[in-house]
Structures are given as C-alpha cells and as structure tokens.
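**Student:** My questions all concern the structure below.
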Amino acid sequence: MASVSETPSIFSEHVWIRDLNTKRHRYLDALDGAIPWRRLIQSLKPIYPTGERGRNPIPLESMIRLHVYQLSYELSDQQAIDDMVENRLVEAFCAWDITQRPSLHRSTLGRFRKRIETHDKHSLFKEVVSEAHRSAGLARPSH
C-alpha cells in the first residue's frame, strides 16, 4: 500500500481545482491525503455488488468517498448527495462525474450504509475518518 505522501490528490486531475483556495477545498484536499483509500476499498470489495446480476453498481471508490464526505460533515444521505450534485468540488472529491454517471438517489447511499453496517464495517469508517482528522490536524467542518 502506498503511503499517504505517495498518493496523489484526487484534485490533481482537475486543473480548475488546483487554484482554489477555499476553506472547503483545503479541508477536502487534506482529508483526501489522510484517508487510506486502498484500505477501505480492499475491506469493502468482498461485500460490494459486482454487477453480475441486475444493473451495474456505482463504483465502489465513489460510494466510499461519498460516505467519508457524509461522515465528515455529519450529513444525511440526501444532504450528501445534494452537495455532490450542486458543488463541483465535492463531485471531484467523490470521484464522480455528473455528466457521465447516472444520478444518485438517497436510497442508494442508504443501502450502501446498511450494507456496511450489516457487515460490521461502519466502525472502520468512523475510525478512519477520526484518525484522518487527528493525523492531518483537521477540525470537523461546519456545513
């Protein structure tokens, strides 16, 4: 697993984001660098739908990123999705592209949360987000 310093920021792909200097950008950039994304992906991959039956699932990384954002800002499912749809910075943080992917319903995020709770992975999320805040010296943001 790459160390945090070796992991490029998801924002590095977006030219328009590099020059931002907003409080939310600084917070999400620091959070992005402090979260062990590969650890979360590997932990949830065995319990996440593969798309062999039914419709194709939302990419796992996007669901993980959206849930981390939701936990960080202490948002409801609908608030987290609304933020992602309305704010290009949050869309980029969640590795989402509104123009390429279908819209996301709050029940999709609710089912994701239910799945991770059923498989006792929710505490892993809370632990990872708390540790990221401590290690990056981040205070919980206000919405």
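**Student:** Just checking, how many residues over region 89-114 are of a type in the set (D, E, K, R), modelled with pLDDT of 85 or more, within 19 Å of residue 49 (Cα to Cα) and touching a helix residue (DSSP H, G or I) at 6+ places or on another chain (Cβ under 6 Å)?
**Tutor:** The number of residues fulfilling the criteria is 0.
**Student:** Moving on to the next point. Just the residues that are in a loop (DSSP other than H, G, I, E, B) and either within 18 Å of residue 30 (Cβ to Cβ) or open to solvent by 80 Å² or more (accessible area, probe 1.4 Å) (or both), please, taken from region 120-143.
**Tutor:** Residues satisfying the conditions are 120, 137, 138, 139, 140, 141, 142, 143.
**Student:** Also, quick follow-up: Can you confirm whether region 67-88 contains a residue that is modelled with pLDDT under 90 and in a loop (DSSP other than H, G, I, E, B)?
**Tutor:** yes
**Student:** Being outside any helix (DSSP H, G or I) and surrounded by 11 or more Cβ atoms within 10 Å (Cβ to Cβ) is the filter here, so list the residues in region 98-119 that pass it.
**Tutor:** Matches in region 98-119: 98, 101, 104, 105, 119.
**Student:** Follow-up. Quick one: is residue 55 part of a helix (DSSP H, G or I) and closer than 21 Å to residue 98 by Cβ?
**Tutor:** Taking the combined requirement at face value, the residue does not satisfy it.
**Student:** Let me confirm something: among 95, 80, which residue is surrounded by 13 or more Cβ atoms within 10 Å (Cβ to Cβ), on the phi > 0 side of the Ramachandran plot and not β-branched (Val, Ile, Thr)?
**Tutor:** Answer to the selection: 95.
**Student:** Report every pair of residues separated by at least 6 positions or lying on different chains whose Cβ atoms are under 9 Å apart, first residue within region 11-38 and in a loop (DSSP other than H, G, I, E, B) and at pLDDT below 80, second open to solvent by 20 Å² or more (accessible area, probe 1.4 Å) and of a type in the set (Lys, Arg).
**Tutor:** 14/88; 20/26
**Student:** I'd like to verify a number: residues in region 44-58 that are surrounded by fewer than 18 Cβ atoms within 10 Å (Cβ to Cβ) and either touching a residue at least 40 places away in the same chain (Cβ under 8 Å) or within 19 Å of residue 133 (Cβ to Cβ) (or both), how many?
**Tutor:** Residues meeting the conditions: 1.
The values are calculated or read from the model by the stated rules, or taken from the named source; none is laboratory data. Computed from a predicted model, the values in this text were never measured in an experiment. Here Cβ is always computed from backbone atoms with ideal geometry, including for glycine, and neighbour counts include all displayed protein chains. When the accessible area is computed, the model is the full protein with side chains, heavy atoms only, and any ligands, DNA or RNA have been set aside. Shrake-Rupley method; radii C 1.70, N 1.55, O 1.52, S 1.80 Å.
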